[in-house]
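Scroll down for the structure; my scribbles are underneath it.
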Amino acid sequence: MASKKFEQMLKAGVHFGHLKRKWNPNMAPYIFTERKGIHIIDLHKTEVMLDEAAAAARQIATSGKRILFVATKKQAKDIVMNAASSVNMPYVTERWFGGMLTNFATIRKAIRKMSQIDKMEGDGTMNTLSKRERLQIARQRAKLEKNLGSISDMNRIPAAVFVVDVTKEHIAVAEAAKLKIPIIAMVDTNSDPRPVMFPVPSNDDASKSIQVVVDVITEAIRLGLEDRAAGKEEAKPAKNEAAPEAEAAPVAEAPEAEAAPEVEAAPEAEVAPEVEAAPEVEAPEAEAAPEVEAAPEAPEAEAAPAEEAPAAEASAEDGAEKKA
């Protein structure tokens, strides 16, 4: 019995390929048959490969990395833009600039230029410029917003790229392959699936077919983001549970600390007076110092007047003799 996904793809016309004369021989393993000159894609293989691509997208989203959606075809623009916006992923739907991945540093400069213009509008610097300069900057800002606004929050090269129609987006596929970035892509019978890591054989021209495949990939990304959020929530309680365990240790140690003073009580308190006997030993040494100092000072003080007295008496006698 066919699965629900198989029936959805069948109703959406995912199995319709291109004309036989436009086919790419590398798509031969995914072609079921030919009817009225049109190749029919084997939906059983498409279902299996779509599940593999969805599992890869979910794993990337769970790891916290980003997937860049690329679709510049008219019938795929709105579908991809809405799908990527719903899961907060970057997308390119207007034009793929050459070097958007291989020369990502230059692209980041253009994005910074756009943020600088926004800052000028916010702080009033734009009002100091002439009308002509303001119009030129406004046009530049609008152009950057149209082409790069969807990747303005992409700070690094994406972990994977989802492409609709690898033939039309061959530059994006070539850059991703050069940087060895995993590619998830819708591959029609006129495309080469070899550069794509997770090819999904499907009709990439009908909007209904694109919608079915994009919805499956988007749902897988949403589940991956939910898994990541759930993992973070589980990690928080684990940290909170570790805190009470750490607090329990001091509580258990408190009674043991109180038990120690009760055992040591009387005997250890009486040891203090025995240590105070030390000052009695030091007292005699302190008294010996003044006795030593007093002995030299007394003779010196008495010697000085003893020597001066004869001198004074001699001077008196000399004076008496002169008067006589």
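Any read-out appearing in this document is the output of simple, stated calculations on the displayed coordinates, not a laboratory observation. The structure presented is a predicted model; accordingly, all values stated were derived computationally and were not measured. All Cβ positions, glycine included, derive from the backbone under ideal geometry; neighbour counts span all protein chains shown.
Extension gain, Ser85-Ser207: 0.36 nm per intervening residue step, less the Cα-Cα distance, totals 42.1 nm. Spin-label model, Lys36 to Leu135: label points 7 Å out along the Cα-to-beta-carbon direction sit 5.5 nm apart.
How much FRET efficiency would the formula 1/(1 + (r/R0)^6) give for His170 and Glu145, where r is the Cβ-Cβ distance and R0 is 22 Å, rounded to 0.05? Walk me through the intermediate numbers first.
Values: r = 26 Å, r/R0 = 1.18.
It comes to 0.25.
Packing, as the average of other Cβ atoms within 10 Å across residues, places the peptides 33-40, 188-195, 61-68 in the order 188-195, 61-68, 33-40, highest first. Bridgeable lysines around Lys77 (alpha carbons under 19 Å apart, same-chain partners fewer than 8 residues away excluded): Lys143, Lys146, Lys168, Lys208. Placing dummy labels 7 Å off each Cα toward the beta-carbon, the span from His44 to Lys4 is 2.3 nm. Between Lys232 and Lys65, the simple spin-label model (points 7 angstrom out along Cα→Cβ) gives 1.9 nm. Look at the Cα gyration tensor of region 105-238: its axes a ≥ b ≥ c give a/c of at least 1.5 with a/b at or below b/c, and that counts as oblate.
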